[in-house]
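Student: Structure below; questions to follow.
Every number in this text was worked out from the coordinates using simple rules, so none of it is lab data. In this text, all values refer to a predicted model and were calculated from it rather than measured experimentally. Methodologically, a virtual Cβ is constructed for each residue, glycine included, from the backbone with ideal geometry; neighbour enumeration extends over all protein chains shown.
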Amino acid sequence: MSDVLKGNFQPQRKVSVDDRSEELSSQFEREALKRLGGSIAFVSKTKFLYGTGRANEDSKPDAT
Amino acid sequence: MKTQSRMPPEPVQNRGSQGSKGTLGRRIASSLENITLEKVTQVGFANALMNAPLIASGKNISALQETFLMKREGALVIAAGPSIHRYDTAKLIKESGFKGIIVATESAMAWCLRHGITPDLVVTLDPHASRIVRWFGDPNLTEAMLARDDYFARQDMDPKFQEDQLRFNRELLELVDRYGSWIRIAVASSASPSVVDRIVKTRMQAYWWNPMYDDYDKEDSLTRKIHALNNLPCVNAGGNVGSACWVFAHAVLGKKRVGLVGMDFSYYADTPYAQTQYYKEILNLVGPDRLDNVFVRMMNPHLGLEFYTDPAYLWYRDAFLEMAQQAECETYNCTGGGILFGPGIRWATLSEFLSGAKA
């Protein structure tokens, strides 16, 4: 890419892109989204119950 | 009270100006699973630890299978969506002679009791520290608390909670005190101390359970960890208490025919955005000009009416549809409104369901 996009002058100091504003924006969005979240998790599983001791469960819980 | 709902023209305040309608809302909905898990895990687990002594000395939901609830055929789930107020729902239920069981969300309990309907089972799930107890009557509610949190003044689930809130809270305290001992309640281990205290003081019959937090087959699963802590059965609650009621009806109580009322997962078109569940959060997130990007509009083909929803409700709805296709029961949506339609859902009127007619 650097071979294709070349500036027509050489800056005297090294230029670094400050991506902090993007980071803050993303952080803000994430915090705001947290408040939109549901009451509890939804788990995509074929069985509705776990740990009842019934034989038809997906798997058995740990003994510990 | 009307039996058919016709919506007035959509108010102009619900129309924003920029961007594709609902695009952002659909994107947010698809990312809510991980975000919600992050949000509820800490408080849910902390509440489970606090509730451990009561859980150890109490009953769990397996004991429900030794009650008369197992003997009845069919179940009606009553959730607190706005449609229950737009139809003569209570009258239809009471006059039907319905022989099945009634499973209600805690948010619909006040509506049930004041309409002379005592649910056979109430379900509570959400770990919120101060809001959920309001559905039971909050003995510590003050004017200052109402000033800090206007959630109940804005919500559309029960209009009674929008009135003189302190007065209504007093009335609800008396109502739940009076009927508490008659009510069986499936209490999630994630329930807040204020809710648990209210359940104990009103002598409700508590049956404990764990909500599933994650895939129990994964190593280091939090669900497995909580189960190891309290040995309670874990239930896939579908993200919200209404879905949890439906799961209880068919997966715990074995009902093969389950009807739903008040499961809107959406708002009527004449509901101002400001009265929606997450309005303030959405406003803070995108600002007033991009609200239409977040709220998603959907046409209900059974009614020919448009409803709108927010990312959280859309996520609940999608999760429900996924679960409905796996459930070993017939699910009849008798809500009469909203966006819960699709594979696994039979659309029916409440009268049809109550009379046993197939949709």
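Student: Being part of a helix (DSSP H, G or I) and over 22 Å from B:Y316 (Cβ atoms) is the filter; apply it to region B:196-225 and report the residue that is farthest from the other protein chains (Cβ to nearest Cβ).
Tutor: Out of the qualifying residues, it is B:K201.
Student: If you go through region B:242-254 one residue at a time, do you hit one that is within 14 Å of chain A (Cβ to nearest Cβ), free of Cβ contacts under 8 Å to residues at least 24 places away in the same chain and small (G, A, S)?
Tutor: No, every residue in region B:242-254 fails to be within 14 Å of chain A (Cβ to nearest Cβ), free of Cβ contacts under 8 Å to residues at least 24 places away in the same chain and small (G, A, S).
Student: Being among the small types (G, A, S) and more than 18 Å from B:A48 (Cα to Cα) is true for just one of B:S221, B:S189, B:S243. Which residue is that?
Tutor: From the options B:S221, B:S189, B:S243, the qualifying one is B:S243.
Student: State yes or no: is B:K94 of a type in the set (K, R) and free of Cβ contacts under 8 Å to residues at least 60 places away in the same chain? I'd like the intermediate steps shown before the answer.
Tutor: On the way: of a type in the set (K, R): yes; free of Cβ contacts under 8 Å to residues at least 60 places away in the same chain: yes.
Yes: the conditions hold for B:K94.
Student: Is region B:75-82 home to any residue that is surrounded by 21 or more Cβ atoms within 10 Å (Cβ to Cβ) and farther than 18 Å from B:C334 by Cα?
Tutor: No.
Student: Of the residues B:V258, B:V296, which is in contact with a strand residue (DSSP E or B) (Cβ under 8 Å, 6 or more places away or on another chain), within 14 Å of chain A (Cβ to nearest Cβ) and either more than 29 Å from B:D149 (Cα to Cα) or of a type in the set (D, E) (or both)?
Tutor: B:V258
Student: Which of the residues that make up region B:282-317 are β-branched (V, I, T) and over 22 Å from the mean Cα position of the chain (by Cα)?
Tutor: Filtering region B:282-317 for residues β-branched (V, I, T) gives B:282, B:286, B:294, B:296, B:309.
Selection gives B:V286 alone.
Residue-by-condition table, conditions (1) more than 28 Å from B:L305 (Cα to Cα); (2) more than 17 Å from the chain's Cα centre (by Cα); (3) not in a helix (DSSP H, G or I):
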| site | (1), (2), (3) |
| --- | --- |
| B:E73 | yes, yes, yes |
| B:V123 | yes, no, yes |
| B:P127 | yes, no, yes |
| B:D156 | no, no, yes |
| B:F161 | no, no, no |
| B:L166 | yes, yes, no |
| B:E174 | yes, yes, no |
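Student: Looking only at region B:214-233, filter to residues that are under 14 Å from A:S44 (Cα atoms) and crowded, with 23+ Cβ neighbours inside 10 Å; which one of those is nearest to the chain's Cα centre (by Cα)?
Tutor: Among them, the one singled out is B:T223.
Student: Checking the structure you have, find out if any residue of region B:316-329 is under 30 Å from B:K99 (Cβ atoms), in contact with a Ser or Thr (Cβ under 8 Å, 6 or more places away or on another chain) and in a loop (DSSP other than H, G, I, E, B).
Tutor: The answer is yes; a qualifying residue exists.
Student: Here's something else I'd like to know. Residue by residue through region B:281-299, note down the ones that are part of a helix (DSSP H, G or I) and either surrounded by 20 or more Cβ atoms within 10 Å (Cβ to Cβ) or of a type in the set (D, E) (or both). Talk me through it step by step, then tell me what you get.
Tutor: Keep residues of region B:281-299 that are part of a helix (DSSP H, G or I), which gives B:281-286, B:288-294.
Selection gives B:E281, B:I282, B:L285, B:V286, B:D289, B:L291, B:D292, B:N293, B:V294.
Student: Further question: Scanning for something facing chain A (nearest Cβ under 8 Å), touching a helix residue (DSSP H, G or I) at 6+ places or on another chain (Cβ under 6 Å) and either surrounded by fewer than 24 Cβ atoms within 10 Å (Cβ to Cβ) or not in a helix (DSSP H, G or I) (or both), does region B:268-280 turn up at least one residue?
Tutor: yes
Student: Going through region B:300-315 one residue at a time, which ones are more than 14 Å from every other protein chain (Cβ to nearest Cβ), farther than 23 Å from B:D150 by Cα and either in contact (Cβ under 8 Å) with a residue 24 or more places away in the chain or part of a helix (DSSP H, G or I) (or both)? Give the derivation first.
Tutor: Looking only at region B:300-315, we keep the residues that are more than 14 Å from every other protein chain (Cβ to nearest Cβ), and these are B:300-308.
Pick out the ones that are also farther than 23 Å from B:D150 by Cα and you get B:300-307.
Correct list: B:N300, B:P301, B:H302, B:L303, B:L305, B:E306, B:F307.
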